[in-house]
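The values are calculated or read from the model by the stated rules, or taken from the named source; none is laboratory data. Not measured: the values here are computed from a predicted model. Cβ atoms come from the backbone with ideal geometry, glycine included; neighbour counts cover every protein chain shown. Note: accessible area is taken over every heavy atom of the protein model, side chains too, but ligands, DNA and RNA are not part of it. Shrake-Rupley method; radii C 1.70, N 1.55, O 1.52, S 1.80 Å.
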Amino acid sequence: MLNRDNFNIFNYIKKEEYIGSMDGMRYMLRKAGDEMEVVIWPEPYSYAHTSEDLKIKKMFPFSNDGVLEACDYLNEQYISQKELWELSKKY
């Protein structure tokens with residue numbers, strides 16, 4: 001799970017995409033105009049090599065608070081889809 005207190009990536013995503021993984025779930029945060037796009041998808045492939053129908057996208061405010069909301073969302077998705085992430089680690 002991501003620790004909200006240590007998820008201080010707002011300044012990073014002002015310039016670059018932030019990509020990470022969490023035990024079978026991959027994710028990316030990136031600036032999209034005046035908002036921030038969060039994308040999650042199952043392992044084992046990179047974003048570019050994963051089919052669009054396997055990606056889940058959601059928009060958040062592009063702000064420090066938006067990053068915290070995104071952190072909570074990622075943790076929620078990790079818990080609610082745990083079976084998918086576990087299954088994806090087998091491939």
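Below, the figures for the structure above:
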item: Residue in region 72-83 that is open to solvent by 60 Å² or more (accessible area, probe 1.4 Å) and in contact with a Phe, Trp or Tyr (Cβ under 9 Å, 6 or more places away or on another chain) present; result: no
item: Hits in region 34-52 (condition: touching a residue at least 24 places away in the same chain (Cβ under 8 Å) and closer than 15 Å to TYR78 by Cα); result: VAL38, ILE40, PRO42, GLU43
item: Number of the exception - ILE19 against (1) open to solvent by 90 Å² or more (accessible area, probe 1.4 Å); (2) of a type outside the set (Phe, Trp, Tyr); (3) not in a strand (DSSP E or B); result: (3)
item: Number of positions in region 12-26 that are of a type outside the set (Gly, Ala, Ser) and either over 20 Å from MET1 (Cβ atoms) or out of contact with any helix residue (DSSP H, G or I) (no Cβ under 7 Å at 6 or more places or on another chain) (or both); result: 8
item: Qualifying residue in region 47-69 (condition: part of a helix (DSSP H, G or I), out of contact with any helix residue (DSSP H, G or I) (no Cβ under 9 Å at 6 or more places or on another chain), among the polar types (S, T, N, Q) and open to solvent by 50 Å² or more (accessible area, probe 1.4 Å)); result: no
item: Of all residues making up region 62-82, the number that are within 10 Å of the chain's Cα centre (by Cα) and of a type in the set (Ser, Thr, Tyr); result: 2
item: LYS31 vs. criteria in contact (Cβ under 8 Å) with a residue 24 or more places away in the chain and open to solvent by 80 Å² or more (accessible area, probe 1.4 Å); result: yes
item: In region 12-51, the residues that are of a type in the set (Lys, Arg) and out of contact with any Phe, Trp or Tyr (no Cβ under 9 Å at 6 or more places or on another chain); result: LYS15
